[in-house]
1. Can you give the extra length, in nm with one decimal, that the chain gains between residue 70 and residue 115 once fully stretched, where that is 0.36 nm per residue apart less the Cα-Cα distance?
2. Determine, for each peptide in 59-70, 102-113, the mean count of other beta carbons within 10 angstrom over its residues, then list the peptides with the highest first.
3. Using a 10 Å cut-off on Cβ atoms, rank the peptides 8-16, 76-84 from the highest mean neighbour count down.
4. Grab the beta carbon distance between residue 40 and residue 12, set R0 = 41 Å, and tell me the FRET efficiency rounded to 0.05.
5. How big is the stretch 1-127 on each of its three principal axes, counting only the C-alpha atoms and giving the largest first in Å?
């Protein structure tokens, strides 16, 4: 799948090339929940062994997981998260929150809670430099010094139209969206904030 005309220049395109399918994200989810062995991933996901083998190899090649032998006869391996893989925790937490808000169901299979208090949390993304939570209306992509003409055009279009559209959408949905409410409150870390 070709995701962009300039995949090397766009961080989103590069990220999608590394983790751009649902199986990869689900393997990461299970790895964050303690799975390390092939059979644990296979049981947890119900994925075919040949497909899981390909995904794990790709994730090792992309530096998301490290492969460690834990048995020699027959050879068996564990797959452990690398720093690069652990760096995707905010992405998974944000996907969790998005799924809870936009695709809710009556059953409660899992919940995000604070490790120490056990209280529910709502993930928040914030700008470390400004020390403030980020909301779409406050963020715009600008063309970098090496941007292609197509990238410059998208950046200009985003600046011209995006500000009007995002402001309108955010004003209409902010009151009904718990993520927007959480983003409006002070936050100390990207990994979560307690729900009030």
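Here, each number is a calculation from the coordinates, and none is a lab measurement. Since the structure is predicted, the reported quantities are computational estimates derived from the model, not experimental observations. Please note: Cβ atoms are built from the backbone with ideal geometry, for glycine as well, and neighbour counts cover all protein chains shown.
1. Net length gain for the segment: 13.3 nm.
2. 59-70, 102-113
3. Put in order of decreasing packing, that is 76-84, 8-16.
4. Working: r = 31 Å, r/R0 = 0.75.
With R0 = 41 Å, the Cβ-Cβ based efficiency is 0.85.
5. Per principal axis, max minus min of the Cα coordinates gives 45, 42, 27 Å.
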